[in-house]
1. Which of the three applies to region 1-159, rounded, prolate or oblate, going by the alpha-carbon gyration tensor with a ≥ b ≥ c and a/c under 1.5 meaning rounded?
2. Past the 16 angstrom mark, what percentage of all C-alpha to C-alpha distances in region 159-251 do you count?
3. For Cα pairs less than 8 Å apart in space and 6+ apart in sequence, what is the mean separation divided by the residue count of the chain, i.e. the relative contact order in percent?
4. Could you do me a favour and compute the accessible area per residue for the chain, 1.4 Å probe, result in Å²?
5. Can you pull out the trypsin sites (Lys or Arg not before Pro) in region 15-72 that DSSP calls coil and that have at most 15 other Cβ atoms within 10 Å?
6. At what distance in nm do the modelled label points of Lys12 and Arg300 sit from each other, each positioned 7 Å from its Cα along Cα→Cβ?
7. Once every DSSP H run of n ≥ 4 in the chain is given -39500 (n - 2.57) and the sum is divided by its residues, what mean residue ellipticity at 222 nm do you get, rounded to the nearest 500 deg cm²/dmol?
8. If you take the C-alpha gyration tensor of region 31-125, multiply each eigenvalue by 5 and take the square root, what semi-axes do you get, largest first, in whole Å?
Amino acid sequence: MSTTEPGPGQAKRTGGDLVVESLTALGADTVFGLPGQHALGVFDALRRSALRYVGLRVENNAGFAADAYARATHGVAPLLVSTGPGALMTLAALQEAAAGSAAVLALGSQVPLAGMGGGRHGYLHELTDQSASFRGVVKSVHTARTASQIPSAVAAAWESALSTPHGPVWLEIPQDVLLAAADVPPVTELCATPRELLPRPELIAAAAGRLTEARRPVILAGGGVVRAGAEAELLALAERLRAPVATTFGGKGAFPWEHPLSLQSWLEDRHTTAFLEDADTLLVVGSGLGELSSNYHTFRPRGRVVQIEADLGKLESNHAALGIHADARAALAALVKEVGDVGERAPRSAGPGQDGAAPAPEAAVSDLLARVRDRIAGQQLDLEQQLLASVREALPDDAVSCWDMTILAYWAWSAFDPRGTNALHSAQGAGGLGYGLPAALGVAAADPARPVLAVSGDGGAMYSLAELATARQYDAPVTWLIVDDGGYGILREYMTDTFGAATATELTRPDFVALAESFGVPAVRTSPERLRTDLTAALAAPGPSVVVLPARLRMFAPTHLDS
């Protein structure tokens, strides 16, 4: 009997089986997604595999969950969706994955092979060129047109997603190929070797020389440090150089928050911008110095810049630098070995226009943070700081938090201590609404043993309400904090500040407590005074929960408008 023919009582192997066999051979154990008519060949094959399936209710939310799973595991997160509308619904999530360097392998079906190529045959879900919709969003696009192409196409997509810098990829397979009998043996072994991105030795030598000679070195650590798992190397280099370290919003957790050299994350602050500008050598690691990281492009370095960046398009894209195209971990490890001992450096000097010797770096850091605190203290924002402190006190040190685009999250970008590496995820890369809850579900799938906090505003929560059913179905240890201010709060602020009045920002919304309870999810309405207590109890309880906080928050005043 042929090895490819099913035996008595065995199901017929199909192209869908080749997909799940290929994913399994590459090391996948969990997949996310939502079924659709053209993709049923893959979903049928799932029941014959050992893969764990986490199904969400909206494709975009499934993409956010896969994004956070990839960030939490530093691995590949397969995302299975159908053709046309199902495929296109993932685009916002894939844009976030691209901005956050999350290795999502999005695998979608296609119309039958005869309908591909823009022939307009009128198949259900048919697009003239489905893959074209993804080319400007993902790292690479792949197609398998026959069963024998599937394993190699899956391996190529996997390798692309996991090569530095990590990022999302798109792979599509026609419906009839997924359903057809697979006349090839089961996939038992598959090789996908991600490309290493090592720094060139001469660039490391030049960068090490500049850092060793610097009298006021400063480091700005971005999300590339977190994605590369380079926190230990960053700490070693900063301590060897005695260089203050600021982290971007995407780089939160890259450096210990309370370390004497930690400038924390106050990047939307003119004092921090000036401190970075004053460095005679600024080492930028894993950041393109984009809009948020440069205080809305007001940053003007006066010293030399050394930039380590894995995304070639971001290298020197905003500021001239000694550019090192490399993985953050590999480059930082090489610098730690190469830089001279701090004792070899000449005495620190004051910045331009300043007299005398510069203060010790630890003292300079302490002074900067004091000035930031004084600036915030003068704006009557006690409620916002109280709420953020309550969240921090309630959240266990080993827990992960996932933040939607909402005012409390904007505060968290600057002021929240994640107390751990890779412990805070947010949608600040692409800035789409609805990230918080589905991302938390993805993190919970990666590690069901520890609690996860999702934070949303009421506007963003409306994007994700369907996933309360997902949270209940999988009994996920996710607590969802919804800050209910009756509208799109940050847009209300922006419009009022700019135009004197807000338009289209006020929302009718449900009773979130009653709605959560209708899904079988325990919920409580809290207050600023009770938030810490209620959030602590919710996080300690098994399974999902919801905490609703009616509150109208404000942002601290921007500083870039005065530059």
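The values are calculated or read from the model by the stated rules, or taken from the named source; none is laboratory data. Everything numeric here is computed off the predicted structure, so don't read it as measured data. As a convention, Cβ positions derive from the backbone with ideal geometry for all residues, glycine included, and neighbour counts pool all protein chains shown. Side chains are part of the model used for accessible areas, which takes the heavy atoms of the whole protein and leaves out ligands, DNA and RNA. Shrake-Rupley method; radii C 1.70, N 1.55, O 1.52, S 1.80 Å.
1. Oblate, since a/c reaches 1.5 and b/c is not below a/b.
2. 73
3. Taking the mean separation of contacting Cα pairs over the length of the chain, I get 13 percent.
4. Values: 21760 Å² over 563 residues.
That works out to 39 Å² per residue.
5. Arg47, Arg48
6. Modelled inter-label distance: 7.1 nm.
7. -10500 deg cm²/dmol
8. Square roots of five times the eigenvalues give 24, 16, 10 Å.
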